[in-house]
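To start, the structure under review is shown below, and the notes come after it.
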Amino acid sequence: MALRKIMVMLFSAIVLCTSLVATTSAETMYPPVDEGITPAYEIASNPYSNLEISGQTAYCTSKTGSANAISITVEQTLEKYSGWFWIWSDVKDAHWTETVNANTIRVDNTKGELSDGTYRLKSVFTLTDSNGKTEIITIYSVEKKVG
């Protein structure tokens, strides 16, 4: 009888423990995978942040447009993964800002002499429409490795 109670308690503990463990998987895609669902922006159209690495040089591209925009600002920041507490740090001399009084923008910048590590491009778009409404969007590129 005691063995049966121990077996029931052990089985109950196993069931309880396995029911508390949630196995989930979430992968962030930069840019988002087009599966028919895209973020709804009020002003911006297809904001884009892309990082390409060749050797130890980063090629950074940010672009967006809008039929209603009269002004667009893009802030590009090349970031490096530090590994401590999942912190991304700004790369020295790799921050650029450009503003246009138009409805489209494309900004291309280059940063050389990168050290080994994982990098991404952060693009912050600020769009203003003819009614004075402002929309701010942050888009990250896919992570790329040097070395």
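So the values come out like this:
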read-out	value
Qualifying positions in segment 125-147 - surrounded by 14 or more Cβ atoms within 10 Å (Cβ to Cβ), within 30 Å of residue 55 (Cβ to Cβ) and among the charged types (D, E, K, R)	143, 144
Scan of segment 69-85 for residues that are open to solvent by 30 Å² or more (accessible area, probe 1.4 Å), touching a strand residue (DSSP E or B) at 6+ places or on another chain (Cβ under 8 Å) and more than 15 Å from residue 125 (Cβ to Cβ), ordered by number	80, 81, 82
Every residue from segment 86-124 that is under 22 Å from residue 65 (Cα atoms) and loosely packed, with under 12 Cβ neighbours inside 10 Å	101
Per-region count, segment 71-102, residues modelled with pLDDT under 95 and among the polar types (S, T, N, Q)	1
Subset of segment 19-48 [among the polar types (S, T, N, Q) and either part of a strand (DSSP E or B) or at pLDDT 60 or above (or both)]	38, 45, 46
Leading residue by the ranking (nearest to the chain's Cα centre (by Cα)) among those in segment 49-68 that are at pLDDT below 95 and open to solvent by less than 80 Å² (accessible area, probe 1.4 Å)	65
Cβ pairs under 9 Å, 6+ apart, first in segment 73-102 and over 20 Å from residue 50 (Cβ atoms), second open to solvent by 60 Å² or more (accessible area, probe 1.4 Å) and hydrophobic (A, V, I, L, M, F, W, C)	101/70; 102/70
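The values are calculated or read from the model by the stated rules, or taken from the named source; none is laboratory data. Just so we're clear, the structure is a prediction, and the values are computed from it rather than from any experiment. Here Cβ is always computed from backbone atoms with ideal geometry, including for glycine, and neighbour counts include all displayed protein chains. What goes into the accessible areas is simple: the full protein's heavy atoms, side chains included, and nothing from ligands, DNA or RNA. Shrake-Rupley method; radii C 1.70, N 1.55, O 1.52, S 1.80 Å.
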